[in-house]
Structures are given as structure tokens and as C-alpha cells.
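Everything on this sheet refers to the single structure shown next.
The values are calculated or read from the model by the stated rules, or taken from the named source; none is laboratory data. Note that the structure is predicted; figures quoted are calculated from it, not measured. Quick reminder, even Gly has a Cβ in these numbers, built from the backbone with ideal geometry, and neighbours come from all protein chains shown. The accessibility values were calculated without ligands, DNA or RNA, using every heavy atom of the protein model including side chains. Shrake-Rupley method; radii C 1.70, N 1.55, O 1.52, S 1.80 Å.
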There are 4 protein chains.
Amino acid sequence: MKKIKVAIAGATGFTGLELVKILAKHPGVQITHLFAQSNLGKSISFFDNKIKNTKKLPKVSLLLNSDLDNIDTIFTALPHGEAHSIAKKLNKNSVLIDLSADFRISNKTTYEEWYKVPHLATNLQKKAVYGLSEINRALIKNTNIISCPGCYPTSILLPLIPLIKKKLINTNLIIADSKSGYSGAGKKIEDKKLYPNINQNLAIYGVGKHRHMPEIEQELSIYNSKKIQITFTPHLIPTFRGILSTIYLDLSKDVTSNDVYKCLKDFYNKEKFIEIVTSNNMINTNKVLNTNMCNIAVYKNKFKNKIIIASVIDNLVKGAAGQAVQNFNIRHGFSETLSLI
Amino acid sequence: MKKIKVAIAGATGFTGLELVKILAKHPGVQITHLFAQSNLGKSISFFDNKIKNTKKLPKVSLLLNSDLDNIDTIFTALPHGEAHSIAKKLNKNSVLIDLSADFRISNKTTYEEWYKVPHLATNLQKKAVYGLSEINRALIKNTNIISCPGCYPTSILLPLIPLIKKKLINTNLIIADSKSGYSGAGKKIEDKKLYPNINQNLAIYGVGKHRHMPEIEQELSIYNSKKIQITFTPHLIPTFRGILSTIYLDLSKDVTSNDVYKCLKDFYNKEKFIEIVTSNNMINTNKVLNTNMCNIAVYKNKFKNKIIIASVIDNLVKGAAGQAVQNFNIRHGFSETLSLI
Amino acid sequence: MKKIKVAIAGATGFTGLELVKILAKHPGVQITHLFAQSNLGKSISFFDNKIKNTKKLPKVSLLLNSDLDNIDTIFTALPHGEAHSIAKKLNKNSVLIDLSADFRISNKTTYEEWYKVPHLATNLQKKAVYGLSEINRALIKNTNIISCPGCYPTSILLPLIPLIKKKLINTNLIIADSKSGYSGAGKKIEDKKLYPNINQNLAIYGVGKHRHMPEIEQELSIYNSKKIQITFTPHLIPTFRGILSTIYLDLSKDVTSNDVYKCLKDFYNKEKFIEIVTSNNMINTNKVLNTNMCNIAVYKNKFKNKIIIASVIDNLVKGAAGQAVQNFNIRHGFSETLSLI
Amino acid sequence: MKKIKVAIAGATGFTGLELVKILAKHPGVQITHLFAQSNLGKSISFFDNKIKNTKKLPKVSLLLNSDLDNIDTIFTALPHGEAHSIAKKLNKNSVLIDLSADFRISNKTTYEEWYKVPHLATNLQKKAVYGLSEINRALIKNTNIISCPGCYPTSILLPLIPLIKKKLINTNLIIADSKSGYSGAGKKIEDKKLYPNINQNLAIYGVGKHRHMPEIEQELSIYNSKKIQITFTPHLIPTFRGILSTIYLDLSKDVTSNDVYKCLKDFYNKEKFIEIVTSNNMINTNKVLNTNMCNIAVYKNKFKNKIIIASVIDNLVKGAAGQAVQNFNIRHGFSETLSLI
């Protein structure tokens, strides 16, 4: 099998470590660089003692001034604002798979308003494809900048896009109540000193202000005649990983919950990483942890014109590293499930 | 101080142990019986090694055939269906403070439909007062059967009742998305063998079928011209205790989020166990764990006719044992906060 | 591949569920019965929502009065005292792989003294082989009663037996300080009501009285000229699974820590499930959770005639279900690692 | 009551936050400064949402160049190497209560060898008193530099010192196997990126190399005719707080376990923060979490000349902030339990 030369920037963060775990066993990958800001020269096993066969992997090194010319694909799992300049440095045949928000928002003003930094690569923005694998597969195959979705958006967009395409729901009344383990909200926990605040705590945060909001609304609006606005409320749960989104919807006239179930079932019929279940099934993160799956349940409401949808993903896999590798497989012509099941 | 002779039935369950903890340090209480079904003769310290001074407490004994004549107040923290017969056995001066659902539902048919057991004390049902302390204080003072609210209902009714009374919200569009630690959903985890299902798991359950639903709708409807129906979705969170309810509301015409905040602030102005906070505050269970507090936050929504309310309680305290003792204090003329702060 | 017909008794306990998980994907196994005492007729997925493809598995049924004639191998993961009668009912070609203590103790009096029940199958006791896979492989291959070691003993015997065989340590001065997640001490937590006692708690228990003691001493003494007695102290750790045993040893004259390391390295040279590491390695349960591995580290002590050994296993895998399947593979001529890596 | 003006340096670390919690409710304390390196100007409630009435507390500020002249007592909860220079800056009437190792080791060479930094205040070292409250009470009362013991040493020294004083044990054969929640080993977890390594993990670490070793040996040796060396092995447990030390001892000739129990019972007879329990009691951290207690159990061993002692503390309270405040109370003539029970 051909070997793609791969670098991972931000290799020692939660998402970066997941990328290393998945890519280290990928038969079509040769990991050539593991970039981080500190702990240079250390083995990646220092950061996660569950990673195996780390002897074959390169030591942690600094991205700055590194020669990126021989890299075929670079995964960037960095704070927002850092992938712009990396994108500009890459030669034109290299592929960037960015896991930050840097290329997610197509509108420069919206990006700068929500992320409080200038967009430094607006010309490249046009080339970027929003890497929601099951939805944008054809585009992903033909771009060199793949911008992977946020974890919350992945859990919300996958169930909603087919329903909006088919006009089954009232797009004025969408409420998404999301619950996430703290690895997902990691960027908010800026400092380990905040640990007392997450130990055995359930918290609501960022009401109406979470940065995943514009991204969700942008992607939903693509499939609608007018801009969609939603109510989105994230919550922090005292466990390391997993997202459960509970979505409250009003149905279009004469649409039933069964129509919704069938629509999703048909739409994702051939997908390996999406499972649609019926009303009688309990849905939970346990079933998807450490997998690239998104499980979606459609529940009836006693109000016949309403339904409840629940979706679960592992925020570090389908919500980050797993979907990134799925996109990598799509882009490079590998089997889409390679190294992911 | 006068000493009330108190028995606790179901003393070894999660809620029962909380009752023991609180009542053991109550200066107006003499605990005379700790009833359970098994482990008879054991010290209560066997069941929770954090309870102090257990030497002064009676050993665990069997309720069946016990003489209840000398008991002034009995707390019953038992599975539903068991408090009916106890209520009938009590002499007329004794007070029953029931923490199960047995006297919560005023309609016999509704009770039997949701709880799948016959109601065996329908004549006593009329005497029972729904023990939501801050709302029904005057009634609690004058009854011998106090039926304590469920944990989810406490977290939902306290913020909603004042708003419905003042007609600030659209009562047709209430969505309550509740998250609970597993001690609260304990009855669902019938068997410790299910532990693998709660370890590090986020789950949605009982959509549209949870037994706390009829109780919530019954109590909300009291303050409305017609019956209120709500969408209520419980979730199981991988931590022992704490409930956070996120409530999505539509405002009545011309009502603002500030009106809602002021309404709640005024209504609970003098309450020691309720705190109303503004939009800028993160709200979380950490602040209320092991206390009898209910904290409520009012959040603006970008849709001006909508708001989001979050409320947090400790399900075993304000949602169970704490509110029960608060009711005990009200009924017996003690300071309402005695042994609770 | 030939298919062995397998029954699992106690299928809904922690260990039973692990057996189901491993055996359900074993290409040489057809699971014909899943026995439990209650919840009859339920799917095994009810007990653990992470088990996959449960549709092909039989529903939970009652062992009592079941016809066991067509079963090739029965795994018994039951409380002690129950495997004796099952063993007597089996036809002579069937294999019993018992995960309880019922056939571990070769001396009837010792068994009855520690387990407080009569030994009802003393004639079969002689046929039973102590299923410490790496040590007793040849015997396991040729018996129809395999008695799998306890979880603590597995973690203690594997590092000690080679050292005693080679006379490298003073057998009068062995101290094993073991730490276990609560799934391993499950039998001690007789009742879910005790949960408050394990939530975020570190505890020492059963000092000098733990039932795994006689089993450890019996197996160590086999390799010594006189009976070995040890100091063994178990501790309960607030996590679900994993055992770490820290073993304090005095060396025989002129023996160095390097000799100990080499002895273990040589002894387990070809073993797939045992890894010996040097002093510089941190050792921890993370590396072995959900695997059948036992990792062993040899640490120098500043007292030159002493060393410290640490060993880690997953108590539900190498300490229970995994080793049981390893023994099954040995007994039936499958590759020893089948379905285990 | 007189008010002592108090500053806390390192106020936003785990130990610092505990100090704030305790001192904020101390009737004899006015907190004038909360020093940290970053997040200047923030309210302390940002770091721990469970701290109450934080409005009265000063905002976080920078120690560097602050005027310390008006401070009566400064608590320093900083990495080692930083308290030396603070000590030198204080005016001669001010009291330093240091929670780092900077003044624990009386020998300059030993300090520098283990802590890899120069000792910058060797002249002040002589004035420093080792703040093990129950043992050095008289000295603490009369010094202006109180060096609080490490968490592990507190759990080990309290049970051992009385036994060594009375010559009840063989001081050549002391083994201490300690288990700690990760807040105690916090300094080892240098970076939140290491979180994957502590999530649900039991680990042994620092065998023979832990920096608390020289401090334990120094303090034990004071009561012995010759230098004592011990075997000390720390372990990391997947819970936030709590230490359990299991200590394996050989008795002096003709000494019984009962003699040991009596010795400890007598020695700590009047102490409010130490409880000695007998062999039949399970001992665990649950009983001491969030308290300043040290509970000690004496267990018989089947070898009559040996015993096992277990001790438990909350590493952040008796092992750090609580003992520091106890020392503060002793030094300033307050009741020793003030703000601690």
C-alpha cells in the first residue's frame, strides 16, 4: 500500500493524541512529524501511556521553521488562529486537514466577530471544504484544505441536514440541548487550576454565545431557502468524553415521526458510521465511545406535531480525530473505514 | 427545645441515609426507629461510613408489625405503593412525610395508570398536601400527610410556578430538558448488575414516559386556566448526585427576559433556600451539592420572545431529604432552616 | 473452524458480561445458553449496552433443571458454593471452567473454614486444575475441571512463582499490598445501598482475612520445601476495574535486583500476555485495562537485599474472564490468544 | 476578636484554594492579599465556584513588588524554591507559614540534592520549625517560620513517632505503601495534557525517589539513636483527594499489637484531630475527606511479631491547608480547632 507522509501539529493535546492513536495503526500512513509547543524531544508515550508501539514514532518537535515540503498531509489540532499561516506555507500539492475553526466559517466578518482574531488566509478560505464526511464526500475528495467540523456541530448537523433537505421540519423552531464530557470543552478549561469546577459538576455554559453556533447555522442554512437560526445550549458533564445532543423539533404539516425516522434511515442507509434507531431504544454515549459512530434516535412526542431527536458521538473521535481520518481516507482514495473500525 | 419522636422508613436507601444525616443533628428530633427490609440489627454506619455519632441512633429494624403509636412523625422513603398502608396505620395525631409518589397524584386513575399499582388510600389522598415548601407553606403547616415532590419536579416547578401565576409565559410551549446524577434515577437502576451501563455514560431515557411527568403537569395546571402539558426529557449523567434542568420557554406578548428575572427575584425575595441569578452567571450543581438550595438562572435568547431558564438542586437534598425536613420544620413550628444550613 | 457449544452461568454479573463479550466474537464458539437467576427472557444487551450483535445470542434463562447434556463447555461465574453441584451434573466429556473459588482450594477443611459452606464435590476436587495459564498449561490441557485463579492471586502468583522456583527470594518475608477497583471486590459490596461507601473512597479491608489468602499461599507453597505464609492486604480503589499489586521482597543471599529481572524476563520470554519492564518504567493499570495482559516491573530498593515488584492486570480480564478464555483455548487446542488480542 | 492580617501566596492552586476556603470563615482573620502568577484581577470564585461570600475577598494580585509590611502572616503554597526569598523580605514580626518543602529539610545539601535548586535562606532555616502540629506544638508557638509537612509525611509520621519514641518497633524494617488522590501528586502532573494518564488509572510512581522520603526519614530519626531509613512507595489513585498509607512494621521483642494500639491511644488521647481505631474497623478516606482529621487503625498480623497500621487524611486539609491553619491557630493563640471543625 502506498504510504502518505503525515505530520500532526498539536500532537500532545487531547485531539492530537487521538489522531496519533488512529494514524499509528493506519497501513497507508507514515507519521513523519509530531509537532508541539513544549516538551520537545519527548516520546509521545509520555503524554498518553495507552499509545502502543511508540518507538517507531518521531519524537515531539517544534513546527516553527520546520521544513514542511516533504509532508503529504498535515493534520492541525491547534487553537484557532494558527492554521491560517500553516496553510499559506504548504506547497500546493500538500493537504491540510484542520481540526480548528480556522476554515469553518466562510464569512470573514463572522469568523472575526466570534473568534476575536483576524482571518489571515481569506483567499484560501474559498478552497476550504467543510469536512462533514457523509454530507460533503464529493467535495472533500477534490480539495487540499479540509476543515473538520466542531464536535457539537457534528452531533447536530448529521440528524438535521437530511430533514431540512426534505423540508420535514419547521426551521424556525430548532432547539439543540447538548451535553459534553470535559475533553470537548477543553479549550474553556484554560488552566488545570479550574479542576475544582469540573469535579462532579453539571454545568450550563456559553448560553447563546458558544462559538459552534455560527458554524451550525451556516451549514444548516445551505439547505434552506433562508438563513436558519437555532437555539443551542451546551452543558458540561463530569466525564472525560462523549456528547449527547437532544434536539427538539416542530414537524412540517402532516409529517409524522415515522416519516422522520424513514428519511434518516434512507439517507444514511449505506453509511458505516451512522446508525438510526427507533423510539424504543435507549441511546447513550457508551455505545459509541472510542468509535467513529454517530447513533441517532427519533422519539415521538405526545404533541403530534413535535419530535425529539437524540444523537451521540465520541467528541474526540467522530467529533474530531476520527472524522478527520475519515476525511483523510476519502481524500487519498483509501477505504473510508480504514484504521477506523 | 421540644423533641419530636421520629421514625425513618427506608432508612438505608440513598434518600433515607440523607434523612438520617440531617435529622441526626436536628436539635428538635429524637430518632426512635430506623426501618429497613434487610440487614436488621445493623448500625446505620454500615450503610454510610460518613454518618457521625451513630452510636446514639437505633439499630436497623423491621417496620412490619412495629408499634407506630409513639411516633410523632414518620418519614417514608420507600418504593411507591408502600406508604398507603402505613398512612392508614398511623394514629390521627401522627404526621406522615412521604418521599415516594404515593400521595403526589390527586387523581386515582392517573396514579394507577402511571404507577401500575392500585391506590389503597384514596380517602387519605384528599388530606395530603403537595410539599413544595416555598409554594405550599400554609397548607403544609396544617396537614398530617405531606407528600414531598419528586426531584425533577422540584427543579422544574420552582422556576415555573411564579411565571405561570403572573402569566408571563406561553403555557403551550414548555420544554424541560433535565440532567440527573444516577442516585436520582436510582429506581430505574433496579439491579447493581446494570452498573456497566452507567459507568462514564451519558444517556437519555424515559422520553415522554417518565413518572414525574403527570406530577409536574398537575402542579403547573393549578395556576392556569386550562390543563398544562409539557415536553419533559430526563437524562442520566455519570456522577452520583445533582440535577440541572434547562427549560426552554416562549414569553407572553411584550414580556422581556428582564421581566422574568424580576418576577422570580420578587417572588423568592425572602426565601433562604432559593437564589435567582442573572444571565452572566454560570450555573452548576457544584454550588448546591450537599445543600438545600435551588439556584435559578434566567438567560436571554437571541429570539426576543424566548428565554432559557436553568435550575440546579441536589436531588438527594432539596429534591428529597432536605425538602422533607424543611416541611417537617414548617409543620412542627421550628425555624425553617433548622439543621439545613 | 470447529464450534464448541458453550454455556455461561452467571452471565449477567460483571465477570459473566466480560465472558459474553469475549466469547461472542470467538470464531470457535457457539454460545448456547446464558444462565442467570433473574431477568429471565431478557436480552444480554439489557445488562451491558456495549455488547454488540446481541441478536445472535440466546436470551437469559434459568440454569436449574436445564439440560446440560449438549453443552461442551460451561463457564461458571457464580458465587462460591454453586459450582460443586453443576460439576456433578455434567456428563464426563463436558468441560467445566469455574471462575469461583469452589475448586481452587485442594484441602476440604481449608475451603470450608474460609468459605463457610460445605465442599460438596470433594471427589471431583482431585481432577480440578488451578488454571493459572502460563504456569499450569500442560495440566489445563488434560483436565475437564479448570478452576480459574482469583484476581488478586493472579497478580501476585505470576511474578512470585518463578522467583520461588529459582530460590531468589526469602519466602518468610513476602508482603503483597494490593489495590483493586470495585468490580473486583464486588462480592464484598453485597448491596447497592453501600454505594455511598465506595464513591470517591480509598479503603483498606479484610486485613489478614481475605479469602484469596489461602489460595495464594497454597500455590506458592507448591514450589517451596515448606509451607509459605505471606502478608496480604487488599484495598478498594474508587474506579471500576484494574488491580495493582505492590510486592515487598527480601532477596536471597547475593541475589541482585537484576537477577530478579532476568529471571522473570527469561521465564516469560515467549508469553504473549506477560510483559516484564525495568525499573525506569512507570507501571499502571491504564496499559492493561481491557486486555489479557499482566505487566510486571522490578524496582530496586535502596536496601540492596530488598526489591519491590509491581504487577498490574485488568481484574475482569486477566484476573477473570480473559484468563478463563485463555484456559478454554488451551483446553480445546485453539491458538491461546484467539479472541483475546 | 483580634484580626490577623493574612496573605495567601499561590492562592489559586489546589492547596491555596483550600486555604482560602478555611481562612475566609475564620473569625480572627482578615485576608488582605490573594497572590498568584496569572489571572490577575480576577475574583477567587473564578477558580472554585464552591467558595462562598467571595465578594469580601481581595482580587487576585501579583506578589512581586507587593508591599508585605502590613501583613501579619503569609501562607505560601508555592512550588519549592520560591519561599526562600519571600522569607527574607518579611519584616521580623511577620509570620511565614510555608506549605512547600523549602524549610522542611534542615540539611542544606540534602535539600539541594533532592530538590535540584540552591537553598537561598540557609540562615533562616535554623529558625524554621517543622509544623507537625500535634508533635511540635510548643516549638510552633514560638517561631516565625513554620514549615508545614508534606501530605504523605503527615500520614506516616503521626502513627510512627509515638511508636519510635516508646521503642515499640524495629526501626530497620519500616515499609510505607501510600495511596493518594491526584490533587496530592499534582506537582507531578505538570501539564493538563497528561490527563489521559490519570483518568481511571492506578499507578505506582517515584519508587525510592519521591521527595517526601528525606523529610520522613529526618523527622523519624529525631526520636531514634541512629538514622532511620525506610521503604516508601507512593501510588496515584483515580480520585481527586485523600491519602491512605498502609505501614508494615516489625515489633520489638515481646511487644504486642495491643501495646501499639494503647501507645497511640494514650499519646493522642486529648487530640481533637486524631482518632485511633481498633482492628475491627474498616478505615477509609471517606471518613476524613474535607476534615482536618487523621484516623489511624492498628491491625494484627498473623505473624505475631508484625503489625499493619493504616492511616487516612485528606491530603489538601490535614495534609496541607488544614494543618497550616492549625499551626496558625497555635502560633497566634487561637483555639486550635478554630475554623477547622
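If you go through the range D:24-42 and keep only what is part of a loop (DSSP other than H, G, I, E, B) and under 22 Å from D:P79 (Cα atoms), you end up with D:A36, D:Q37, D:S38, D:N39, D:L40, D:G41, D:K42.
Across the range C:304-333, what is the number of residues that are in contact with a strand residue (DSSP E or B) (Cβ under 7 Å, 6 or more places away or on another chain) and outside any strand (DSSP E or B)?
Here the count works out to 9.
Scanning the range C:291-341 for residues that are within 14 Å of chain D (Cβ to nearest Cβ) and either without any contact (Cβ under 8 Å) to a residue 24 or more places away in the chain or out of contact with any Phe, Trp or Tyr (no Cβ under 9 Å at 6 or more places or on another chain) (or both) returns C:N295, C:A297, C:Y299, C:K300, C:K302, C:F303, C:K304, C:N305, C:S311, C:V312, C:I313, C:D314. Screening A:I156, A:I145 for residues that are of a type in the set (V, I, T), more than 19 Å from A:Y299 (Cβ to Cβ) and either open to solvent by 10 Å² or more (accessible area, probe 1.4 Å) or at pLDDT 95 or above (or both) leaves exactly one candidate, A:I145. Inspection of the range A:63-72 identifies at least one residue that is more than 26 Å from C:L289 (Cβ to Cβ) and either among the β-branched types (V, I, T) or buried (at least 24 other Cβ atoms within 10 Å of the Cβ) (or both). Could you tell me whether the range D:46-67 includes any residue that is β-branched (V, I, T) and touching a residue at least 40 places away in the same chain (Cβ under 8 Å)? Yes: the range D:46-67 contains one or more residues that are β-branched (V, I, T) and touching a residue at least 40 places away in the same chain (Cβ under 8 Å). The residues of the range A:4-21 that are of a type in the set (D, E, K, R) and either under 14 Å from A:T32 (Cα atoms) or touching a strand residue (DSSP E or B) at 6+ places or on another chain (Cβ under 6 Å) (or both) amount to a single one, A:K5. Against the list (1) within 20 Å of the chain's Cα centre (by Cα); (2) at pLDDT 95 or above; (3) not in a loop (DSSP other than H, G, I, E, B), the condition A:N286 fails is (2).
Across the range A:196-225, the qualifying residues are those that are open to solvent by 20 Å² or more (accessible area, probe 1.4 Å), touching a helix residue (DSSP H, G or I) at 6+ places or on another chain (Cβ under 7 Å) and at pLDDT 95 or above, and the one among them that is farthest from the other protein chains (Cβ to nearest Cβ) is A:Y223.
Just one of (1) within 15 Å of D:P159 (Cβ to Cβ); (2) in a loop (DSSP other than H, G, I, E, B); (3) open to solvent by less than 30 Å² (accessible area, probe 1.4 Å) fails for D:T291. It is (1). D:A77 passes every criterion in (1) within 14 Å of another protein chain (Cβ to nearest Cβ); (2) modelled with pLDDT under 95 apart from (2). Looking only at the range D:270-280, filter to residues that are open to solvent by 60 Å² or more (accessible area, probe 1.4 Å) and in a loop (DSSP other than H, G, I, E, B); which one of those is farthest from the other protein chains (Cβ to nearest Cβ)? Top of the filtered list is D:K270.
Every residue in the range C:235-257 that is more than 7 Å from chain D (Cβ to nearest Cβ), at pLDDT 95 or above and touching a Gly at 6+ places or on another chain (Cβ under 8 Å), please. Correct list: C:I243 only. A single member of B:S38, B:S100, B:S85 is loosely packed, with under 15 Cβ neighbours inside 10 Å and under 18 Å from B:C148 (Cα atoms), and it is B:S85. With respect to the conditions (1) over 15 Å from A:C151 (Cα atoms); (2) crowded, with 22+ Cβ neighbours inside 10 Å; (3) at pLDDT 95 or above, A:Y261 lacks only one, and its number is (2).
Every residue, every condition in (1) outside the structural domain of D:S94 (by TED's automatic domain parsing); (2) under 19 Å from D:G206 (Cα atoms); (3) hydrophobic (A, V, I, L, M, F, W, C), yes or no:
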{"residue": "D:S133", "(1), (2), (3)": "no, no, no"}
{"residue": "D:A138", "(1), (2), (3)": "no, no, yes"}
{"residue": "D:P159", "(1), (2), (3)": "yes, no, no"}
{"residue": "D:I174", "(1), (2), (3)": "yes, yes, yes"}
{"residue": "D:Y182", "(1), (2), (3)": "yes, yes, no"}
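Restricting the first member to the range D:246-257 and to residues that are buried (at least 20 other Cβ atoms within 10 Å of the Cβ), and the second to residues that are of a type in the set (K, R) and not in a loop (DSSP other than H, G, I, E, B), the beta-carbon pairs closer than 6 Å and six or more apart or on different chains are D:S257/D:K300. Tell me yes or no: at least one residue of the range D:52-61 is open to solvent by 50 Å² or more (accessible area, probe 1.4 Å), of a type outside the set (G, A, S) and within 30 Å of D:Q125 (Cβ to Cβ). Checked the range D:52-61: no residue is open to solvent by 50 Å² or more (accessible area, probe 1.4 Å), of a type outside the set (G, A, S) and within 30 Å of D:Q125 (Cβ to Cβ).
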